[in-house]
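Have a look at the structure below, then the notes.
The values are calculated or read from the model by the stated rules, or taken from the named source; none is laboratory data. Worth saying up front: this structure is predicted, and the values here are computed from it rather than measured. FYI the Cβ positions are ideal-geometry reconstructions off the backbone, even for glycines, and counts take in every protein chain you see.
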């Protein structure tokens, strides 16, 4: 598969329509869902998906199948682009308190958007809510809101290593939890 | 300069999710990739598999599917981007030999701008040729250090004389110039960036970067919010050289606070700060 994926990206880099279409058909659902998770509106998410696929064409010749599977590469490009977009568009509030409400402190993703987000992410948010407090806060800020780990570390006044470790463990726990839920 | 030790298997596995989800900063991501390449084949396989599993995990994503009409819009936008790039570089590429049509090759390719990569490659080859010519021209007139000195002294007219046509356009055009200085005063490196906001391109040249065989250097920008964005990786032949960076959107250019060139470990070598 990796050789086929490399060939696919080679064809995408060459601007071949069939290859771009195949790439879209394979990954549009994942890309759209991550865009929907990070961006406030459907229209924002759709714009972002267009930009992500242009970016994938622009970077296609850099894909190395030995370093990552194609899905990893696609999602990495997508998430980086979405986070950049979030950071450029957002005028963030200052979060200084570990006890503060992490969602409502970001003006572009303020309380008025919480119901929709909650609806979309209902299962995920439920699982996140069950995590230990530090893991929960770090996941909300870094994974869902696009803050860098360094920013989160400063906001929480916690060592960077602690934040990294909490995020890593929190994500692993979420995935384990999801498997258990599906199994029930 | 010493490089940090590569990460252990345990560290690589611990950070696999953060790397795959783009949550590591530029330096850590570079260190992660470097460590990945040092790891044994079984560990590499384990990481590749784990990262694919993580990013494909739908339990972390909302349950929504894209609208059916999005497909057509995305494909059209990509096609337009490819065509736009092809037309931008077409005048340069017409100098070269026409591409032969291979029997059996799909005609649909041309409708989608099949020439995109060709024009892009042609443009880069031309840009590379310009740089090589600039180098030989520079050698004939003065040392490359002298060029770097001119760049740093804002002597654009003299600099333009020793650059090729592409470089000259950037240097003498109505472009914003950003000078990059060594991050460590003891190193003998120099560089500059000429930004053309209209074409959303920049011409970057540098001198004194140690020779590499792979694309070990990264041109990156630091944005207003403190985040960084990698624009292009490149190699150095150890001589005065340069390249064109395209697709610099107006919003990106507006938010750049400084330009940097970093090495494989993420250490800053040149900075405009």
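Details
- Total residues in the stretch A:24-78 satisfying the condition of being modelled with pLDDT of 90 or more, within 15 Å of residue A:144 (Cα to Cα) and at the interface with chain B (Cβ under 7 Å from one of its Cβ atoms): the figure is 6.
- Of the residues examined, residue B:204 is not one that is closer than 22 Å to residue B:85 by Cβ, within 14 Å of another protein chain (Cβ to nearest Cβ) and in contact (Cβ under 8 Å) with a residue 12 or more places away in the chain.
- Qualifying strands (runs of 3 or more DSSP E) (wholly inside the stretch B:191-273; at least 3 residues being under 22 Å from residue A:63 (Cα atoms) and within 15 Å of the chain's Cα centre (by Cα)): B:217-223, B:228-234, B:241-245
- Qualifying residue in the stretch B:198-215 (condition: modelled with pLDDT of 85 or more, in contact with a strand residue (DSSP E or B) (Cβ under 9 Å, 6 or more places away or on another chain) and closer than 27 Å to residue A:151 by Cβ): no
- Some residue of the stretch B:49-72 being more than 8 Å from chain A (Cβ to nearest Cβ) and touching a helix residue (DSSP H, G or I) at 6+ places or on another chain (Cβ under 8 Å): yes
- In a residue-by-residue description of the stretch B:220-228, the property of being modelled with pLDDT of 85 or more and out of contact with any helix residue (DSSP H, G or I) (no Cβ under 7 Å at 6 or more places or on another chain) applies to at least one position.
- Checked against (1) within 25 Å of the chain's Cα centre (by Cα); (2) away from chain A (no Cβ under 12 Å); (3) at pLDDT 60 or above, residue B:43 meets all criteria but (1).
- Every condition in (1) under 24 Å from residue A:58 (Cβ atoms); (2) part of a helix (DSSP H, G or I); (3) at pLDDT 85 or above holds for residue B:15 except the one numbered (1).
- Scope the stretch B:80-99; condition at pLDDT 85 or above, more than 7 Å from chain A (Cβ to nearest Cβ) and touching a helix residue (DSSP H, G or I) at 6+ places or on another chain (Cβ under 8 Å); matching residues: B:83
- Output for the stretch A:140-152, where each listed residue is buried (at least 17 other Cβ atoms within 10 Å of the Cβ) and either within 11 Å of another protein chain (Cβ to nearest Cβ) or not in a helix (DSSP H, G or I) (or both): A:141, A:142, A:143, A:144, A:145, A:146, A:147, A:148, A:149, A:151, A:152
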